[in-house]
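Visitor: Below is one structure. I have some questions about it.
The values are calculated or read from the model by the stated rules, or taken from the named source; none is laboratory data. What you see is a predicted model; the values in this text were computed from it and never measured. Here the Cβ is made from the backbone with ideal geometry for all residues, glycine too, and neighbour counts use every protein chain on show. Each accessible area value is taken on the protein alone, full model and side chains, heavy atoms only, with ligands, DNA and RNA left out. Shrake-Rupley method; radii C 1.70, N 1.55, O 1.52, S 1.80 Å.
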Amino acid sequence: MDKKIVIVGAGVAGINAATKLVDNGYPGELITIIDMGKDPYNRLPEEVMTGMLGAGGWSDGKLTYHTAIGGVLSKYTGEEKAMELMDQVITNFKRFHPKPEEVQCSNPESEPEFIKPYFGLRLFPVWHVGTDYLSEIAKNWYDYLVSKGVKFKWEAKVYAIDFENERVLGKFLDKENHELEYRYDELIFAVGKSGIDFAQQLANEYELPDEPKSVQIGVRFEAPQEHFQNLIDISYDFKLYRKFDDKGVSLRSFCTNNNAAFVAVEETYGDVSYNGHAKKDPKYLNGMTNFGILMEIKGIDNPFEWCREAVKKVQIDGTGTYYSPSRKPSLTSEGTDVSSIQVEDLMYLYDSLGEYAQYIVDFIEDMKKVFPTLKDDWGIYMPEVKYLSPEPLVNYEDLSLTKYPNVHFVGDALSARGITVSGAHGVYVAESFLK
Ligand SMILES: Cc1cc2nc3c(=O)[nH]c(=O)nc-3n(C[C@H](O)[C@H](O)[C@H](O)COP(=O)(O)OP(=O)(O)OC[C@H]3O[C@@H](n4cnc5c(N)ncnc54)[C@H](O)[C@@H]3O)c2cc1C
């Protein structure tokens, strides 16, 4: 327990790794966490992607508990270990929660008849924390790590990592732009989606072998919650899905937010994309539901470029578009308009996705059959896109790069897509250090 550990990214993965270490007596003074965002006391509500607990810390806080949801975990750890690791992450969120008894669990046990034959429903438990409690959790969690001696460097952007000489190079984002440099014995690379371009830069520079990924693209759907209430009562974060195996296409509803549900704009690679979150405080109740309708398409050459092109075509001057047969875009939780340009028809969607747009339109049409009061009372924000980072080849026992065994990739940087899987990656790497 005398190695210097540097963690790049104070997101869900990095913070769970540090917690596992200090919980087990690892000296906090040997752990440095660098993040380009802010500590939880200074992070602003609109800083959705960066800072203490990362994107997960300012999200809706739905903690899913299934190895088929949220990216790759059991491939590395096996099923049983994956579930145990996710348990540890959920326990950490409850442990630093000011009112852990308020974390609700939704656990549907069978597919309701009324969605058949149009949709299937994925069955798995999900704990719901809520955005406003997450910021309290982030403060308690941060205070704990600081009390254990962990050193944090906030508003410091890492721009290079010298894998050969085990050095991290960055800049503080203050007016003077002071340089920072750290040496490490072990490095945990946990930059999440906001660091996706940096991960790509390292992959190119060091010619890291990786696994090809598919592209996930679609829209963020929004409607009054009452239309979906009978399904929400069964499953809070319902995952409707359908597959067209012969066409290599599958669709699912993704990241459902209810009660006090807001659509959020996020930026990846400079492209605008929509997502959503929900608040717990009753003062934010707006009676809305939003979720992604995400499509995975297999067999497209160079899916990353294809997807970027599609994203550009569905925007107007770099702003996302909104279509509804009857509604206007909603307000954000801060009371401003969700940034979007309203369009009169679905031409932009067809221009962007070509024949694939029809799958999304059919999904909505079939929802109208399953939820008969929905009719034209809905809108879509375009696009919602998930650029999966290239998944570098790693050693399964500690997620270290096959070329650099003291560099460990975790979380969204290793193609996770959710809080529990990302946190579990971090815990898994920490356990390998403790061995
Ligand atoms: C709006 C929104 C809602 C979401 N809702 C949910 C949900 O309800 N449930 C769920 O399971 N998942 C949700 N997700 C996804 C989830 O947040 C991520 O999968 C998860 O946070 C990934 O964890 P991570 O630690 O890998 O990365 P992150 O949590 O994104 O953390 C990465 C950290 O790295 C830092 N960083 C990046 N690059 C650098 C650099 N060069 N130098 C220094 N620091 C850097 C960033 O500042 C950030 O703090 C949501 C995402 C968004 C954007």
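Visitor: Answer yes or no as to whether Phe291 is part of a loop (DSSP other than H, G, I, E, B), within 14 Å of the ligand (Cβ to nearest atom) and surrounded by 17 or more Cβ atoms within 10 Å (Cβ to Cβ).
Guide: no
Visitor: Same structure again: Which of the strands (runs of 3 or more DSSP E) contained wholly in segment 176-231 include at least 3 residues that are open to solvent by less than 60 Å² (accessible area, probe 1.4 Å), away from the ligand (no atom under 14 Å from the Cβ) and modelled with pLDDT of 90 or more?
Guide: Where strands (runs of 3 or more DSSP E) fall fully within segment 176-231 and carry at least 3 residues being open to solvent by less than 60 Å² (accessible area, probe 1.4 Å), away from the ligand (no atom under 14 Å from the Cβ) and modelled with pLDDT of 90 or more, they are 215-224.
Visitor: Go through Ala10, Ala17 for me and flag whichever is closer than 18 Å to Val410 by Cα and in contact with an Asp or Glu (Cβ under 6 Å, 6 or more places away or on another chain).
Guide: That would be Ala10, the only listed residue that is closer than 18 Å to Val410 by Cα and in contact with an Asp or Glu (Cβ under 6 Å, 6 or more places away or on another chain).
Visitor: Consider segment 260-288. How many of its residues are among the aromatic types (Phe, Trp, Tyr) and not in a strand (DSSP E or B)?
Guide: Adding up the residues that qualify gives 2.
Visitor: Considering segment 232-270 alone, what residues qualify as being within 19 Å of Ala357 (Cβ to Cβ), among the small types (Gly, Ala, Ser) and either more than 17 Å from the chain's Cα centre (by Cα) or open to solvent by 60 Å² or more (accessible area, probe 1.4 Å) (or both)?
Guide: The answer is Gly248, Ser250.
Visitor: Just to verify a result, which residue in segment 298-320, among those that are of a type in the set (Asp, Glu) and over 15 Å from Glu211 (Cα atoms), is modelled with the lowest pLDDT?
Guide: Filtering first and then ranking leaves Glu305.
Visitor: Here's a follow-up. Considering (1) closer than 17 Å to Asp60 by Cα; (2) in contact with a Leu (Cβ under 7 Å, 6 or more places away or on another chain); (3) not basic (Lys, Arg), say which one Ala310 fails and leave the rest.
Guide: Tallying (1) closer than 17 Å to Asp60 by Cα; (2) in contact with a Leu (Cβ under 7 Å, 6 or more places away or on another chain); (3) not basic (Lys, Arg), Ala310 fails exactly one: (1).
Visitor: Can you tell me how many residues within segment 79-100 are open to solvent by 20 Å² or more (accessible area, probe 1.4 Å) and in contact with a helix residue (DSSP H, G or I) (Cβ under 7 Å, 6 or more places away or on another chain)? Don't jump to the end; show me each part of the working.
Guide: Restricting attention to segment 79-100, the residues satisfying the condition of being open to solvent by 20 Å² or more (accessible area, probe 1.4 Å) are 79-81, 83-84, 87-88, 91, 94-95, 98-100.
Keeping just the survivors that are in contact with a helix residue (DSSP H, G or I) (Cβ under 7 Å, 6 or more places away or on another chain) gives 88, 94, 98, 100.
Within segment 79-100, residues that are open to solvent by 20 Å² or more (accessible area, probe 1.4 Å) and in contact with a helix residue (DSSP H, G or I) (Cβ under 7 Å, 6 or more places away or on another chain) number 4.
Visitor: What's the number of the condition Glu334 fails, among (1) of a type outside the set (S, T, N, Q); (2) open to solvent by 30 Å² or more (accessible area, probe 1.4 Å); (3) assigned to a helix (DSSP H, G or I); (4) within 16 Å of the ligand (Cβ to nearest atom)?
Guide: (3)
Visitor: Could you identify the single residue in Tyr26, Tyr41, Tyr76, Tyr65 that is away from the ligand (no atom under 16 Å from the Cβ) and either of a type in the set (Phe, Trp, Tyr) or surrounded by fewer than 21 Cβ atoms within 10 Å (Cβ to Cβ) (or both)?
Guide: On the way: Tyr41 fails: away from the ligand (no atom under 16 Å from the Cβ); Tyr76 fails: away from the ligand (no atom under 16 Å from the Cβ); Tyr65 fails: away from the ligand (no atom under 16 Å from the Cβ).
Of the residues listed, the single one that is away from the ligand (no atom under 16 Å from the Cβ) and either of a type in the set (Phe, Trp, Tyr) or surrounded by fewer than 21 Cβ atoms within 10 Å (Cβ to Cβ) (or both) is Tyr26.
Visitor: Given segment 341-435, what strands (runs of 3 or more DSSP E) lie entirely inside it while holding 1 or more residues that are within 16 Å of the ligand (Cβ to nearest atom), farther than 30 Å from Ile115 by Cβ and touching a Ser or Thr at 6+ places or on another chain (Cβ under 7 Å)?
Guide: 407-409
Visitor: Sticking with this structure for a sec: May I ask you to list the residues in segment 155-164 that are open to solvent by 40 Å² or more (accessible area, probe 1.4 Å) and in contact (Cβ under 8 Å) with a residue 12 or more places away in the chain? Reasoning before the result, please.
Guide: Filtering segment 155-164 down to residues open to solvent by 40 Å² or more (accessible area, probe 1.4 Å) leaves 155, 157, 159, 164.
Of everything in segment 155-164, those that are open to solvent by 40 Å² or more (accessible area, probe 1.4 Å) and in contact (Cβ under 8 Å) with a residue 12 or more places away in the chain turn out to be Glu155, Lys157, Tyr159.
Visitor: So which residues in segment 356-406 are modelled with pLDDT of 95 or more, under 30 Å from Asp317 (Cα atoms) and open to solvent by 10 Å² or more (accessible area, probe 1.4 Å), if there are any at all?
Guide: Tyr356, Gln358, Tyr359, Val361, Asp362, Glu365, Asp376, Asp377, Trp378
Visitor: Just one of Tyr144, Tyr159 is hydroxyl-bearing (Ser, Thr, Tyr) and in a helix (DSSP H, G or I); which is it? Give the derivation first.
Guide: Numbers: Tyr159 fails: in a helix (DSSP H, G or I).
Answer to the selection: Tyr144.
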